[in-house]
Amino acid sequence: MKEITVQQLKEKLIHKSENFMLIDVREDFEYAISNNGGEHIPLSNLQRRVHTLNQDAEYAIICRAGGRSANACVFLEQEGFENVYNVKGGMKAWAAEIDPSITVA
């Protein structure tokens, strides 16, 4: 599984291409507390929503600490997605290294 650091993610978000999407797979209550602008698709809904995603696009997948996003990456890779990256450390790393003002549930 490929990984991306929060610093690399920040650069991708700043210079966002049309072919890039950040997906946040945390649950609703976690996303409501804090998020960094990712498309919210809880891991529990990903299987139902996978058909809405473009297999040719590039995706960074984030959760609280990296576990659920890793599971999402494995699932997407099994579904034929090739450009999928797990955000190393998740929102906890984002809060620690990029935006300490956010609270991570």
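Read-outs: derived from the displayed coordinates by stated rules, not from any lab. Note that the structure is a prediction, hence the values are computed from the model and not measured. All Cβ positions, glycine included, derive from the backbone under ideal geometry; neighbour counts span all protein chains shown.
A single member of ILE23, ILE14 is in contact with a strand residue (DSSP E or B) (Cβ under 8 Å, 6 or more places away or on another chain) and of a type in the set (Val, Ile, Thr), and it is ILE23.
Taking region 3-29 as the range and being closer than 19 Å to GLU97 by Cα and in a helix (DSSP H, G or I) as the test, the residues that pass are VAL6, GLN7, GLN8, LEU9, LYS10, GLU11, LYS12, LEU13, ILE14. Scanning region 47-69 for residues that are assigned to a helix (DSSP H, G or I) and more than 16 Å from MET21 (Cα to Cα) returns GLN47, ARG48, GLY67, ARG68. Picking from residues in region 59-82 that are touching a Phe, Trp or Tyr at 6+ places or on another chain (Cβ under 8 Å) and over 11 Å from ILE4 (Cβ atoms), the one that is surrounded by the fewest Cβ atoms within 10 Å (Cβ to Cβ) is PHE81.
GLY80 passes every criterion in (1) on the phi > 0 side of the Ramachandran plot; (2) in contact with a strand residue (DSSP E or B) (Cβ under 8 Å, 6 or more places away or on another chain); (3) not hydrophobic (A, V, I, L, M, F, W, C) apart from (2). For region 1-19, a tally of residues being out of contact with any helix residue (DSSP H, G or I) (no Cβ under 6 Å at 6 or more places or on another chain) and closer than 19 Å to GLU79 by Cα returns 3. When region 70-105 is filtered for residues that are within 16 Å of GLY37 (Cα to Cα), touching a helix residue (DSSP H, G or I) at 6+ places or on another chain (Cβ under 7 Å) and either among the aromatic types (Phe, Trp, Tyr) or assigned to a helix (DSSP H, G or I) (or both), the ones remaining, listed by number, are GLY90, ALA93, TRP94. Of the listed requirements (1) closer than 22 Å to VAL104 by Cβ; (2) surrounded by 21 or more Cβ atoms within 10 Å (Cβ to Cβ); (3) in contact (Cβ under 8 Å) with a residue 40 or more places away in the chain, PHE29 misses just one: (2).
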